[in-house]
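The values are calculated or read from the model by the stated rules, or taken from the named source; none is laboratory data. Just so we're clear, the structure is a prediction, and the values are computed from it rather than from any experiment. Cβ placement follows ideal geometry from the backbone for every residue including glycine, while neighbour counts extend to all protein chains displayed.
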Amino acid sequence: MIRPKYYYVPPVPLRTIFKSVIWNSTNDHILLSIDDGPSVSETTKILNTLRDSSVKALFFVTTDAAIKNRHLVNEILAQGHSIGNHSFSHKRLRFVSGSILKREIVDSKSAIEDATGTPIMYFRPPYGAFDPFVLKAIKKSGQKCVMWSLLSGDFLGSGSETEKVIKNYLNPDSIVVYHDNFKSRNTIIESLISTIQTANEKDLKLEIPQYV
Ligand SMILES: [Zn+2]
């Protein structure tokens, strides 16, 4: 079953209202972003798949998992990928207190930076849930809020559906989301491979741009 387009592609009014949020990549640089890891079960397989195709990605790690699996974060960086902040514990951040926002957005940034020695520039809110307070806290912490222009749907557990979604909606400036978590574990590799194939067929580049 294929769901309606706006299940996968954020509607234009949302993108227009929140202009400070990064929704699209720069032209000619499709960004593959991989959320929720690192995980002992999936991250190495994901890294091997990306390495086989010489593709670099941006991993939005949760700080709890990053600290627990520091060797995997180091491996992500050693292979030339980038990391972003996906909060400490993957809480929904809408309607939460200032102290929770500080911990999940600001303290999580410092903790990943301390653990890896790598500056963190990008934050992705868990579940894509944000409000003006979340955006203010992200901005104040010196990070940029990176959402997406295309959900791969890998978490639905159907590789063939993801393949159709990518074939239908992949653009030269897409930011595509995948998940390094239990829901996607049977589809993430297949989804990444089919995306890379589709990008190659359409002669589109997969690279990590700098969003300044
Ligand atoms: Zn997430």
Count, please, the residues in region 156-212 that happen to be aliphatic (A, V, I, L, M), buried (at least 17 other Cβ atoms within 10 Å of the Cβ) and more than 26 Å from M121 (Cβ to Cβ).
4
Which numbered condition V165 misses (of (1) more than 20 Å from F88 (Cβ to Cβ); (2) touching a Leu at 6+ places or on another chain (Cβ under 8 Å); (3) at pLDDT 95 or above)
(3)
Please enumerate the residues belonging to region 29-70 that are away from the ligand (no atom under 16 Å from the Cβ), more than 16 Å from Q197 (Cα to Cα) and either among the acidic types (D, E) or under 15 Å from the mean Cα position of the chain (by Cα) (or both).
L47
What number of residues within region 83-95 are within 16 Å of the ligand (Cβ to nearest atom) and either among the charged types (D, E, K, R) or more than 19 Å from the chain's Cα centre (by Cα) (or both)?
3
Residues of region 16-51 that turn out to be farther than 23 Å from N186 by Cα and touching a residue at least 40 places away in the same chain (Cβ under 8 Å), as a count
12
Given (1) of a type in the set (A, V, I, L, M, F, W, C); (2) farther than 24 Å from S97 by Cβ; (3) under 16 Å from the mean Cα position of the chain (by Cα), index of the condition I120 fails
(2)
Out of A65, A137, A78, A115, report the one residue that is over 26 Å from K5 (Cα atoms) and modelled with pLDDT under 95.
A115
Given (1) hydroxyl-bearing (S, T, Y); (2) under 15 Å from P209 (Cα atoms); (3) in contact with a strand residue (DSSP E or B) (Cβ under 7 Å, 6 or more places away or on another chain), Y8 misses just (2)
From (1) in contact with a helix residue (DSSP H, G or I) (Cβ under 7 Å, 6 or more places away or on another chain); (2) in a helix (DSSP H, G or I), pick out the condition that doesn't hold for R51.
(1)
Given the criteria over 13 Å from the mean Cα position of the chain (by Cα), not in a loop (DSSP other than H, G, I, E, B) and not hydrophobic (A, V, I, L, M, F, W, C), does T195 qualify?
yes
Looking at (1) more than 16 Å from the ligand (Cβ to nearest atom); (2) under 14 Å from Y122 (Cα atoms); (3) among the hydrophobic types (A, V, I, L, M, F, W, C), which one does I17 not meet, given that it meets all the others?
(2)
